[in-house]
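Quick notes on the structure that follows.
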Amino acid sequence: MSKCRIILSFTTALIGLMVFHLVGQCETLDKANRELYLQRISDWYKGIKVIFMEAPFSSVIGERIKKINELDRKFIVPLGSQALPYLILVCQYDPWIGSSISMITKFNAHNIVLSFKPRNLLSTTEEFPEIVEKNISYDGRKMWLLWWIEGERRTPQWFAMRYSKWIAARQQGNVQEAQKMYQRLLDIGVAAIPLWLEKLQSEQDQSIKEEIIRALSYLTDGKIKLNMSPQDCLNWWKANKERWTIPFPRSKREFLKWLEREGWEEPRLAVPCVITISRLEDEEAIDALFRFLRHPISLVRGASLERIMTLFGEQLPKEYALGVGTDEWERVGDLVEIGKYDWVRKRVMKAKKQIEDGTIADKIAKELSDWWKENKGRVKIYWQRAWENL
């Protein structure tokens, strides 16, 4: 072998070892971060329990929310944007943590009431009009999950529309409308920082530049100072953008893969992962649910089985169907109205009890997985039911 080939082989091997070492370091770092996030969330939960135990029947909602916000600021908010994947996940299990997500991201949705009729309450949001709730307020779990999946794509759309309206209102001297649009721009949150910086570079009007820097100061919790020059703002961003950039997933499928991996690697996250996966409205999410039927933890197998029974209802093989007699229902309230809720609860609990046994679990997993392979693409998935807890 020539000297050049020997050197090349040695160099290739060295690079390989370096890559292996770096990958190992990254995995160790990721797991260390995950442990930190989960510990802080655990501390937050302990505080939440104390708050509700102090006055479980208290009607003083404002005081309770104030205490929860204090917990958010102490345990969750300091974690920053890099903890968001875990916070979004936990939010699907416990929406109370949504307030800390709002503090970190500074994103705020705007509720729109569509109907006040007593038996026909309907609402949506300006940002996500495709989500219509049978209530007078939006569901924070749905809003945050959709923001996480769609936020990177929609943020520039929201910003462009509101920015043009803000500038137009200023030019027309419409102070009230200008203030409203400025606030709407701020409510897009931290994800819009790069867009503000682009405008800071292109705008010629000095008063507008000052308002942009004021917005940046708010979004960065005062890290960008009001007296900083545009170049100072850009330099700050280059040095700190990793800390402040929202780590949106590149796609729903990428988020699904992350959820499934976390659900298999970290027992404490497995059930929230199953619940979140069931809400992604993607057939590949259903594939993942069937794989979770073989999870080593019986609680996780049971959660996945309950999700599958809920999403498919009467279409499943008879021994796993809910036995309602119809699939014309969406919510628990619908089951209560037709007198089937207790029946469904007992049916689901019986199935979950059976899947606790490892041998029976293998049998159930095989039967249902075979059913899915045969019927995939031919059966209806009742996605709305994924938001219900039987």
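General remarks:
- Residue count for the range 190-222 under the criterion of being in a helix (DSSP H, G or I), more than 12 Å from K106 (Cα to Cα) and in contact with a Lys or Arg (Cβ under 7 Å, 6 or more places away or on another chain): the result is 3.
- Output for the range 323-350, where each listed residue is within 26 Å of E283 (Cα to Cα), assigned to a helix (DSSP H, G or I) and over 29 Å from the mean Cα position of the chain (by Cα): R347
- From the options I308, I355, residue that is over 24 Å from the mean Cα position of the chain (by Cα), among the β-branched types (V, I, T) and either crowded, with 20+ Cβ neighbours inside 10 Å or at positive phi (or both): I355
- Any chance V50 is in contact with a Pro (Cβ under 7 Å, 6 or more places away or on another chain) and hydrophobic (A, V, I, L, M, F, W, C): no
- Scope the range 150-182; condition aliphatic (A, V, I, L, M), buried (at least 18 other Cβ atoms within 10 Å of the Cβ) and within 17 Å of E127 (Cα to Cα); matching residues: M181
- Single residue of the range 312-323 satisfying the filter (surrounded by fewer than 22 Cβ atoms within 10 Å (Cβ to Cβ) and among the aliphatic types (A, V, I, L, M)) that is farthest from S251 (Cα to Cα): A321
Rundown of residues vs (1) over 30 Å from S42 (Cβ atoms); (2) charged (D, E, K, R), yes/no style:
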residue	(1), (2)
D221	no, yes
L234	yes, no
E260	no, yes
D287	yes, yes
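- Residues of the range 183-238 satisfying the condition of being surrounded by 15 or more Cβ atoms within 10 Å (Cβ to Cβ) and of a type in the set (S, T, Y): S217, T220
- Out of P230, P272, sole residue that is at pLDDT 95 or above and closer than 21 Å to E35 by Cα: P272
- Restricting attention to the range 377-388, the residues that are in contact with an Asp or Glu (Cβ under 9 Å, 6 or more places away or on another chain) and surrounded by 12 or more Cβ atoms within 10 Å (Cβ to Cβ) total 8.
- Any hit, the range 146-159, residues being in a helix (DSSP H, G or I), out of contact with any helix residue (DSSP H, G or I) (no Cβ under 9 Å at 6 or more places or on another chain) and over 23 Å from G98 (Cα atoms): yes
- There is at least one residue in the range 116-132 that is surrounded by 19 or more Cβ atoms within 10 Å (Cβ to Cβ), closer than 20 Å to W383 by Cα and free of Cβ contacts under 8 Å to residues at least 60 places away in the same chain.
- Boolean, E367 is under 19 Å from R301 (Cβ atoms), outside any helix (DSSP H, G or I), in the same structural domain as Y320 (by TED's automatic domain parsing) and at pLDDT 95 or above: no
- Of the set (1) more than 20 Å from L146 (Cα to Cα); (2) touching a helix residue (DSSP H, G or I) at 6+ places or on another chain (Cβ under 7 Å); (3) in a helix (DSSP H, G or I), all apply to D232 but (2).
The values are calculated or read from the model by the stated rules, or taken from the named source; none is laboratory data. Bear in mind that the values here come from a model prediction, so they are computed numbers and not experimental data. Cβ coordinates were reconstructed from backbone atoms using ideal geometry, including for glycine residues, and neighbour counts include every protein chain displayed.
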